[in-house]
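The values are calculated or read from the model by the stated rules, or taken from the named source; none is laboratory data. Because the structure is predicted, anything quoted here is derived from the model rather than measured. Cβ: placed from backbone, ideal geometry, glycine included. Neighbour counts: every protein chain shown.
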Amino acid sequence: MTNYAPFDTRPNFEATESDISVALLTDHLNSTRSKLARQIGKRGVMEVLGDMQLLVGPPEQQCISNVALMMFCDHLDKFFPYTQVEITKFPEGSINNPNNFIEVPVIKGSVPTMIKRTMEKLQDMVIEEKVTKVDYQMESIRRFSYPYQALEEAVVNAFYHRDYQSYQAIIIEIEPNCVRIISYPGIDRSISQKTIAEGERFKSRYYRNKRLGEFLKELDLTEGKSTGIPTIQEELRNNGSPKATFETDDERRAVTVEIPIHPDSLVEQVDLQNEPQNEPQSEPQILGALEEAILNLIRLDGHVTRGEMASQMKVSLSTVKRSINKLKDIGLIEYEGSSKSGYWIIKQ
C-alpha cells in the first residue's frame, strides 16, 4: 500500500534525527511564524517533526518522511543522489560555439536552499534592468532582460514536480537569447502535447510531490493550483517579453522550459558584438519599412512624438528610437527646438 502513497510522504528508513538540520527547521518555522520554533529546544526535533506530521509509522518505530529531508536536510544528495542544480552559460550560444562555456559550481543543499542559491546566481548572471526616460510622460519605462518572478516560478516548478528517485540534476543553460531549464521527468501524461505546446495552463490530475508543494506554498514560492505557467507568461507579457515555451518528449522523460530574453536586451547584445569597425562604410544605408513609415508620419505632421509613432505603428518605443537614430545617423532627419515644442525636419 505504501507504493500508492506519494513519494514525498513515504518513510525514509535510512534517515536519522542527526540528518535534520536544526537551523533549517528553526528558520522555516520562524519564517512561517509558527509557535513550534520556540519548542524545538525543549521538546526536541523528533517531537516537533511529529507535530508537523513529518513522521511515518507506529509510535514504537517512527521514521522521518522524505519531505522532511527535502526541506530540512542540508546534504539531501546523500539520500537522493544528483539532487542538485547545474548551471552552464554559453556566451556565444551552445550551437555557435559549444566549446566556449562557463560552469557555475554545483548547487546542493535542501530544496529551499537550492532554490534561493539558484535565484541568486541567475539574478547576478542574467537579470539586468534598463530604465528609459521618455518625453511624453513623467515616469521612466523600466524593463528587465528576464523578469525575476518568471524565472523563480520555473525554478520552483522544477523542484516541485521533480522525481527525487531519478539520478538526474536540474540543468540550467544560459544562452544569449534565452534561459533553458531542464528537469526530470517530463510533464504528466494527463496533459496533452497540444496543451503543452500552447503553454498557457497545465491542469494536472496528479501532483508528484504534493506535500512538498504545501511547504513551498508556506514560503510563498508556489500556489499548487496549476497557476505556475500562467504566472510565468503573465510576468513575461507585463515585461514586454515573448512567451515562454515548454517541451517534453512522448515518453515524458524530461521537460524543457525556455524563457526568452527581452528583445531590447537581445538587440543590445547584437550591437555590442557587431560594433562598427574603423573602416569606412562603402555601401549606402538601406531603409527598412519601419524607417519609411516614420518618414511618412513626419511628412504628415512634423510635431509627431516618438510615443505617437510607436502607438500608430504598434511597436515598442525602444524600436522607434532605434529607427530614429538610424535616420539621424544617415542625415535624413533632425529635431529642432525644445523637447516639448520642437518638431522634426526631413533634410533630403
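See the values below:
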{"quantity": "Residue that is farthest from Ile259 (Cα to Cα) [pool: residues in segment 171-204 that are free of Cβ contacts under 8 Å to residues at least 24 places away in the same chain and outside any helix (DSSP H, G or I)]", "calculated": "Ser190"}
{"quantity": "Unique residue being at pLDDT 90 or above and either assigned to a loop (DSSP other than H, G, I, E, B) or surrounded by fewer than 19 Cβ atoms within 10 Å (Cβ to Cβ) (or both) when the list is Asn238, Asn157", "calculated": "Asn238"}
{"quantity": "Residue selected from segment 17-41 under the condition of a type in the set (Val, Ile, Thr) and within 35 Å of the chain's Cα centre (by Cα), by the criterion modelled with the lowest pLDDT", "calculated": "Thr32"}
{"quantity": "Count of residues meeting criterion [closer than 14 Å to Phe202 by Cβ and part of a strand (DSSP E or B)] in segment 141-154", "calculated": "0"}
{"quantity": "Selected residue (only one of Gly50, Gly44 is at positive phi, more than 33 Å from the chain's Cα centre (by Cα) and either β-branched (Val, Ile, Thr) or modelled with pLDDT under 95 (or both))", "calculated": "Gly44"}
{"quantity": "Long-range neighbours under 7 Å by Cβ, at least six apart or interchain, first residue outside the structural domain of Phe159 (by TED's automatic domain parsing) within segment 112-127, second in a helix (DSSP H, G or I) and surrounded by fewer than 16 Cβ atoms within 10 Å (Cβ to Cβ)", "calculated": "none"}
{"quantity": "Selected residue [in a helix (DSSP H, G or I) and modelled with pLDDT under 80] from Leu295, Leu290, Leu272", "calculated": "Leu272"}
{"quantity": "Test: residue in segment 59-70 that is of a type outside the set (Gly, Ala, Ser), surrounded by 12 or more Cβ atoms within 10 Å (Cβ to Cβ) and in a loop (DSSP other than H, G, I, E, B)", "calculated": "yes"}
{"quantity": "Complete set of residues in segment 39-71 that are closer than 30 Å to Val104 by Cβ and either in the same structural domain as Asp163 (by TED's automatic domain parsing) or in contact with a Phe, Trp or Tyr (Cβ under 9 Å, 6 or more places away or on another chain) (or both)", "calculated": "Asn66, Val67, Leu69, Met70, Met71"}
{"quantity": "So Glu103, is it over 23 Å from Glu218 (Cβ atoms) and either surrounded by 15 or more Cβ atoms within 10 Å (Cβ to Cβ) or touching a strand residue (DSSP E or B) at 6+ places or on another chain (Cβ under 7 Å) (or both)", "calculated": "yes"}
{"quantity": "Failed item, numbered, when Phe13 is tested on (1) under 34 Å from the mean Cα position of the chain (by Cα); (2) surrounded by fewer than 16 Cβ atoms within 10 Å (Cβ to Cβ)", "calculated": "(1)"}
{"quantity": "Test for Gly213: is it on the phi > 0 side of the Ramachandran plot and either modelled with pLDDT under 90 or touching a helix residue (DSSP H, G or I) at 6+ places or on another chain (Cβ under 9 Å) (or both)", "calculated": "no"}
{"quantity": "Residue within segment 84-93 that is farther than 14 Å from Ile181 by Cβ and of a type in the set (Ser, Thr, Tyr) present", "calculated": "no"}
